[in-house]
């Protein structure tokens, strides 16, 4: 968990995708997250966490369903939401939050 803590403590906003291999909506989000990274570049880091392999991290952040997205900056939770989103919606939500920081 030390490396995870180091990543979310970063000045660079980190979008953590809590997902599972058996989750259909999670699979749908995978290419959308790749596109998001292309559009946002160095403005954001994306980290995928498999809840089945990292139950301690999922429990720490009370992840009850997948996919759940949590946006961190300097260890602070800036935004959190569960579900699948189109690229434009996800990008708009993240940009809106980042403009306030």
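Answer rounded, prolate or oblate for segment 20-62, using the Cα gyration tensor with square roots of eigenvalues a ≥ b ≥ c: rounded when a/c is under 1.5, else prolate when a/b is larger than b/c, else oblate.
Verdict is oblate for segment 20-62.
What is the Å³ per residue value for the convex hull set by the Cα atoms of segment 1-89?
Measuring per residue, one finds 88 Å³ for the Cα hull of segment 1-89.
State the antiparallel share, in %, of DSSP beta bridges confined to the chain, rounding to the nearest 5.
Rounded to the nearest five, the antiparallel share is 65 percent.
Quick one: Cα convex hull volume of segment 40-101, Å³ per residue?
Each residue corresponds to 96 Å³ of Cα convex hull volume.
Computed from the coordinates by the stated procedures, all read-outs in this text should not be read as laboratory data. A quick note: this is a predicted structure, and the numbers were derived from the prediction, not measured.
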